[in-house]
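J.: Structure incoming, see below.
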Amino acid sequence: MDIRTTCLGVLVMGPASGYEIRKAFEAGPFSHFAEGGFSAIYPALGKLTEEALVTCTVETQEKKPDKKIYELTKDGRKHLIAALSAKMPGEDKFKSDFLFTLFFAEEMPRDFVTEAIDARIEWYRNKVEQLKACEGNPSKGRHFVRLFGIDVYQTEHDFLVRHRQDFINLTENPGKNDIPASARAAE
């Protein structure tokens, strides 16, 4: 999905600043299936404003730069629905540095694999809690997508918990290549 469409999607939920839009991708309702960074969001909002798909009002703030608040227009809502309805969604793309690293677990130091797995288990646990906290009063579609995300992350968490020792046992020469995290950070 392109950044213009995802920005319009965030604005369906109400007026927001660029910062608030980014937070929707980082820690909000879109965090488990969409991305949007500042470098892409602001140019997209500029184009959407030029095309009258969103409006922009400036709020003056004390001791801070002015805050731009973007709001979806009726044409913006129509554009969003047209963009979403134009073609069937493509296949999900899944990329993971974590899984790429585990692919070579038998080549890796045991302590590193252990730390990586434990950190990822904790990350999944936090992600599930974060999505559970996003409940609010969502539409049926938003509720379904949130529950889908919770289930996916919970399944990934549970898989790693069940197979943690299996991955650790894959490591080559336990103890021989172990490099403590503090030593890696100093390198």
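The values are calculated or read from the model by the stated rules, or taken from the named source; none is laboratory data. Just so it is clear, the structure is predicted and the values come from calculations on it, not from any experiment. Using ideal geometry, Cβ is built from the backbone for each residue, glycine included, and neighbour counts are taken over all protein chains shown. Heads up: the accessible areas ignore ligands, DNA and RNA and are worked out on the full protein's heavy atoms, side chains in. Shrake-Rupley method; radii C 1.70, N 1.55, O 1.52, S 1.80 Å.
J.: Out of all the residues in region 126-141, which are under 14 Å from Ala27 (Cα atoms) and assigned to a helix (DSSP H, G or I)?
T.: Asn126, Lys127, Val128, Glu129, Gln130, Leu131, Lys132, Ala133, listed by residue number.
J.: Suppose the filter is touching a Ser or Thr at 6+ places or on another chain (Cβ under 7 Å), surrounded by 15 or more Cβ atoms within 10 Å (Cβ to Cβ) and basic (Lys, Arg); does Lys68 pass it? Outline the logic, then answer.
T.: On the way: touching a Ser or Thr at 6+ places or on another chain (Cβ under 7 Å): yes; surrounded by 15 or more Cβ atoms within 10 Å (Cβ to Cβ): yes; basic (Lys, Arg): yes.
Criteria met by Lys68.
J.: Just checking, does region 21-43 include any residue being open to solvent by less than 90 Å² (accessible area, probe 1.4 Å), more than 29 Å from Gly149 (Cα to Cα), of a type outside the set (Ser, Thr, Tyr) and modelled with pLDDT under 95?
T.: No, because not a single residue in region 21-43 is open to solvent by less than 90 Å² (accessible area, probe 1.4 Å), more than 29 Å from Gly149 (Cα to Cα), of a type outside the set (Ser, Thr, Tyr) and modelled with pLDDT under 95.
J.: Quick one: in region 89-132, of everything that is under 18 Å from Ala34 (Cα atoms) and aliphatic (A, V, I, L, M), which residue is modelled with the lowest pLDDT?
T.: In this case the residue turns out to be Leu131.
J.: Check region 89-105 and report whether any residue there is within 24 Å of Thr5 (Cβ to Cβ), of a type in the set (Ser, Thr, Tyr), in contact (Cβ under 8 Å) with a residue 12 or more places away in the chain and open to solvent by less than 70 Å² (accessible area, probe 1.4 Å). Give the steps one after another, and end with the answer.
T.: Taking region 89-105 as the starting set, the residues that turn out to be within 24 Å of Thr5 (Cβ to Cβ) are 89-95.
From the residues that got through so far, the ones that are of a type in the set (Ser, Thr, Tyr) too are none.
No, because not a single residue in region 89-105 is within 24 Å of Thr5 (Cβ to Cβ), of a type in the set (Ser, Thr, Tyr), in contact (Cβ under 8 Å) with a residue 12 or more places away in the chain and open to solvent by less than 70 Å² (accessible area, probe 1.4 Å).
Residue by residue, here is whether (1) of a type in the set (Phe, Trp, Tyr); (2) out of contact with any strand residue (DSSP E or B) (no Cβ under 6 Å at 6 or more places or on another chain); (3) outside any loop (DSSP other than H, G, I, E, B) holds:
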position: Ala24; (1), (2), (3): no, yes, yes
position: Lys68; (1), (2), (3): no, no, yes
position: Gly76; (1), (2), (3): no, no, yes
position: Glu91; (1), (2), (3): no, yes, no
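J.: Follow-up question, since we're still on this one. So which of Thr55, Thr60 is surrounded by 12 or more Cβ atoms within 10 Å (Cβ to Cβ), under 22 Å from Ile21 (Cα atoms), without any contact (Cβ under 8 Å) to a residue 24 or more places away in the chain and not small (Gly, Ala, Ser)?
T.: Values: Thr60 fails: surrounded by 12 or more Cβ atoms within 10 Å (Cβ to Cβ).
Being surrounded by 12 or more Cβ atoms within 10 Å (Cβ to Cβ), under 22 Å from Ile21 (Cα atoms), without any contact (Cβ under 8 Å) to a residue 24 or more places away in the chain and not small (Gly, Ala, Ser) holds for just one of Thr55, Thr60, which is Thr55.
J.: Right, here's the next one. Search region 110-126 for residues that are open to solvent by 30 Å² or more (accessible area, probe 1.4 Å) and pair each with any residue that is part of a helix (DSSP H, G or I) and at pLDDT 95 or above when their beta-carbon atoms are under 7 Å apart and the residues are at least 6 apart or on different chains.
T.: Matching pairs, first to second residue: Arg120/Leu160; Arg125/His157.
J.: The conditions are (1) assigned to a helix (DSSP H, G or I); (2) among the aliphatic types (A, V, I, L, M); (3) over 22 Å from the mean Cα position of the chain (by Cα), and Val58 fails exactly one of them. Which is it?
T.: Only one criterion is unmet by Val58, namely (1).
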